[in-house]
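The numbers here are math on the coordinates, done by the rules we state, and not lab data. Note that this is a predicted model, so its numbers are computed, not measured. Don't worry about glycine lacking a Cβ; one is built from the backbone with ideal geometry, like all the others, and counts go over all protein chains shown.
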Amino acid sequence: MNSLTTIGAILAAMAAIAVLETAIPLHARGRWNRAHLGPNLALTFITFATNAVFGAALVAMLAWQQTSGLGLLRLFSLPPWLELVIVAGVLDFSFYVTHVSMHKVSSFWRFHRVHHSDPAVDVTTTVRQHPGESVIRYVSLAVFASALGASPGAFAVYRALVALNGLLEHANLRAPLWLDRLLSLVTTWPTLHKVHHSRVAAQTDSNYGNLLSIWDRLFSTFTPVHVGANVVYGLEGFDDPALQTTPGLLALPFRGAELAQLPVRSPHAHA
């Protein structure tokens, strides 16, 4: 699937989920849902462009490795389905490690806070990402995928699953608590990831998982799914309308050192 087809598929999925958000919303739409639409879509298209470049380079490298017999998986003769399971599991773990580092390393957090500063979380928040974060993510992906010797096909399937899961876990969709609890045993949507967007630091520093919730359970960073229905989104001190613009968000990583650290957020903060 080429880049334009991939982008078209993601945009179509975003549009379909946006329609569902109007039918079964987790939260009623407010002023921030309207205000963040333009900046979120602008950052989405910037991320599409950067990911197309980095993704093409990484796939080309993996194709070369495959023909050269390089990487751990090339030492074994595995059926395609088993290779896909291994690639998806290892790359999902790499995402967890990278995500935690973006919260714990202040220079990485400068970029990642662009995503977390959204005062409203819906499907448009999914790819609200600074280009600097794209660099961090793709360097990590390249290290793990290259060491593993992932095939381009398995890598492409994993990335497609990540894209779909990202849209679902950010979508402003209401689900029955029993279904939320059942799905949270395996994955991070529809509500589990919402906890991670809370203004309460203890909640933000949990539920880092991407496709699978197992990593948070294994490393004691799991917060139960029922909490996600009642969180207040965003970062305290980042609600200035001038900051919540496309230029403001692109400049955010380069603001003063006093904003580099993860802010202390009040559990009683209001959006």
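Things to note:
- The Cα center of the range 48-64 and the Cα center of the range 1-34 differ in position by 25 Å.
- Its Cα centre serving as origin, the chain has a Cβ charge dipole (Lys and Arg +1, Asp and Glu -1) of approximately 80 debye.
- Hydrodynamic radius by Kirkwood, which averages 1/r over all alpha carbon pairs of the range 1-69, in angstrom: 14.7 Å
- Per residue convex hull volume, Cα atoms of the range 50-205, in Å³: 117 Å³
- With the convex hull drawn over the C-alpha atoms of the range 117-185, the volume per residue is 120 Å³.
- Rg(Cα)/(2.2 N^0.38 Å) for the range 193-233, N = residue count: 1.03
- Taking the Cα atoms of the range 28-107, the ratio Rg/Rh between the radius of gyration and the Kirkwood radius comes to 1.13.
- Site pair R34 and V97 shows an inter-label distance of 4.6 nm when each label is modelled 7 Å from Cα along Cα→Cβ.
- The Cα trace of the chain gives Rg and Dmax of 18.3, 57 Å, the first to one decimal, the second as a whole number.
- Neighbourhood net charge (15 Å Cβ-Cβ; Lys/Arg +1, Asp/Glu -1) for L173: -1
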